[in-house]
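The values are calculated or read from the model by the stated rules, or taken from the named source; none is laboratory data. The model shown is predicted, which means the values in this text are computed figures rather than measured ones. Note that each Cβ is placed from the backbone with ideal geometry, even for glycine, and that neighbours are counted across all protein chains shown. Remember, those area values only see protein heavy atoms, side chains included, never the ligands or the DNA or RNA. Shrake-Rupley method; radii C 1.70, N 1.55, O 1.52, S 1.80 Å.
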Amino acid sequence: MGQCGITSSKTVLVFLNLIFWAAAGILCYIGAYVFITYDDYDHFFEDVYTLIPAVIIIAVGTLLFIIGLIGCCATIRESSCGLATFAAILLLVFVTECVVVVLGYIYRAKVEDEVNHSIQKVYNKYNGTNSDAPSRAIDYVQRQLHCCGIHNYSDWRNTRWFKESKNNSVPVSCCQPSITNCTGTLTRPADLYQEGCEALVVKKLKEIMMYVIWAALTFASIQMLGMLCACVVLCRRSHDPAYELLVTTNSYA
């Protein structure tokens, strides 16, 4: 019965190591996705510390490649030292991912205040040229999120660009794609996106944070199972004489 329990734990452990390799790729992808998306919205979110959870996620993903290798080698060779190292590293990663979850919730709560604080300044910097970073950011967000202005398209009336251009129009990035020959003129408001960008930017950034949080929670649960299996193999290997005898016999065979 003891040998059967050990074999089952080892089988699960090997399977989990394969999952760790897959998880490593997924975590690195999520971290990279957060970085790329943040780059598109960074003008609306000034707190660079928001990227800390993404940085940690990428670091954890990289570490999981190493963990998977150590775990496979330790399990196949039935190394007590290797399994102990494997369990210790898993514990460290588990704690790290718990930190990621906490930081994710903290920064997710700050998203709305950050966007509210910065979005008006970004719109005031708009000059309508592709060479200008804030202008590109606004045009990208309006096209991507199907929005116009901060709260609605009428907010453009209060911007410096609108007052200087004096053409009673908003940027063409406010135009709905189904409308042909749209120039952004306010005389045809039905041609424009009706929803403001502020709420949608907040929603998008919160969604990104939730991806990080759920990824950390999911793989923390898997690592908890990995630690449990490693501890079961270690404990039974140390206290089951029949298993020790079997290992010794196999070694000399």
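Please find, among 31, 82, the residue that is assigned to a helix (DSSP H, G or I) and modelled with pLDDT of 75 or more. Before you say what the answer is, go through the steps one by one.
Numbers: 82 fails: modelled with pLDDT of 75 or more.
Step by step, each of 31, 82 is checked, and only 31 is assigned to a helix (DSSP H, G or I) and modelled with pLDDT of 75 or more.
When region 153-208 is filtered for residues that are basic (Lys, Arg) and open to solvent by 80 Å² or more (accessible area, probe 1.4 Å), the ones remaining, listed by number, are 157, 160, 163, 166, 188, 203.
With respect to the conditions (1) at positive phi; (2) buried (at least 21 other Cβ atoms within 10 Å of the Cβ), residue 115 falls short on a single one, namely (1). Residues that are of a type outside the set (Gly, Ala, Ser) and free of Cβ contacts under 8 Å to residues at least 12 places away in the same chain within region 126-151 comprise 129, 130, 132, 136, listed in sequence order.
Within region 120-154, if we keep just the residues that are among the hydrophobic types (A, V, I, L, M, F, W, C) and part of a loop (DSSP other than H, G, I, E, B), the residue that is farthest from residue 176 (Cα to Cα) turns out to be 150. Apart from one condition, residue 218 fits all of (1) polar (S, T, N, Q); (2) open to solvent by less than 40 Å² (accessible area, probe 1.4 Å); (3) closer than 30 Å to residue 91 by Cα; the exception is (2). State whether the residues of region 220-231 include one that is at pLDDT below 85, farther than 30 Å from residue 33 by Cβ and not aliphatic (A, V, I, L, M). The answer is yes; a qualifying residue exists.
Looking at region 136-152, is at least one residue among the small types (Gly, Ala, Ser) and exposed (fewer than 15 other Cβ atoms within 10 Å of the Cβ)? The answer is no; no qualifying residue exists.
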